[in-house]
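First comes the structure, then the notes that go with it.
Every number in this text was worked out from the coordinates using simple rules, so none of it is lab data. Predicted, not measured: the structure shown is a model, and the values here were computed from it. Cβ atoms come from the backbone with ideal geometry, glycine included; neighbour counts cover every protein chain shown.
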Amino acid sequence: MESNIPNNIPQHVAIIMDGNGRWARARMMPRVEGHRQGAKALKRIVKASRELGIRYLTVYAFSTENWKRPEAEVSSLMKLFISALNDETPELKKNNVRLRAMGALDMLPKDVQEKLYEAMDMTKDCDALDLIIAVSYGGRYEICDACKKLLKDFEDKKISIDEVNENTFRNYLYLPDVPDPDFLIRTSKELRVSNFLLWQIAYSELVVSEKYWPEFDFSELKRCIDEFNKRSRRFGKTGDQIKAESEEK
Ligand code: IPE
Ligand code: IPE
Ligand code: MG
């Protein structure tokens, strides 16, 4: 493959796919056209992630707050999910990509839920890349949900107060087996996390792309990875400690 592939490929990339509406408005198109082009961008980035060897790609497709959008926009997004799942699942399977979902999935219309579970089932044995769609997802909702499950286990005497710590709590989140994102990309210049993966991004590097999501491509992904690779990640330690640790390796 081309030599301009970055050397260090992160294991888990998370993306807030933002700017579909602004992309469309800049072209005097309806917002839904921005969402359609956004779905194409996602297809490109899944392919790119597979080629680069990224192991987990989590994308924010629809937030718990997005339910407050006009009904027409929400229903066209739901239709788009169904057609994307119909069109793309066989291709995902062929490329050894496992589709997973995280969010309050029971809030989705029944037909979307059915398609989603069908696609997850069809790709369940794929293991080159996990494509995780955060849909009807909210970070606060996920944490509250985790607390409810934990309290249920406490009531059932499956966990004691002394056993609650960061590691055991993680088991109550939607996808406990997935490592935290190394970095989080947000497109369209916005500098906020909008309730995405609040627990999991505690130490993720944030990279902002100026591009609207529908125009995000392989070269912009590589630029983001290059930017990530220039960061010094200290996890609370001093720069000297980190230097000494890397020299020991
Ligand atoms: C992101 O694009 C897609 C969803 C939130 C579903 P937006 O629809 O938020 O686009 P902008 O931010 O209005 O440009
Ligand atoms: C975040 O984008 C949610 C998704 C990309 C799915 P929004 O457009 O909903 O976020 P805000 O409203 O700008 O914070
Ligand atoms: Mg937006």
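Between ILE16, ILE159, ILE54, the GNM of the chain built on Cα springs shorter than 10 angstrom shows ILE159 fluctuating the most. The convex hull built on the alpha-carbon positions of segment 1-140 has an orientation-averaged projected area of 9.4 nm². In the chain, the calculated helix contribution to ellipticity at 222 nm averages -14000 deg cm²/dmol per residue, counting -39,500 (n - 2.57) for every DSSP H run with n ≥ 4. Per the Debye formula on identical point scatterers at the alpha carbon atoms of the chain, with no solvent, log10 I(q)/I(0) at q = 0.10, 0.11 Å⁻¹ is -0.53, -0.64.
For segment 12-248, the relative contact order is 27 percent, taking Cα pairs closer than 8 Å that sit 6 or more residues apart in sequence and dividing their mean separation by the residue count. Largest GNM mean-square fluctuation among GLY19, GLY138, GLY236, using the chain with Cα springs under 10 Å: GLY236.
Excluding same-chain neighbours fewer than eight residues apart, the aspartates and glutamates reachable from LYS148 by a Cα-Cα span under 19 Å are ASP106, ASP156, ASP162, GLU163, GLU166. Among the trypsin sites (Lys or Arg not before Pro) in segment 125-214, those placed in a DSSP loop whose Cβ has at most 11 other Cβ atoms within 10 Å are LYS157, LYS158, ARG192.
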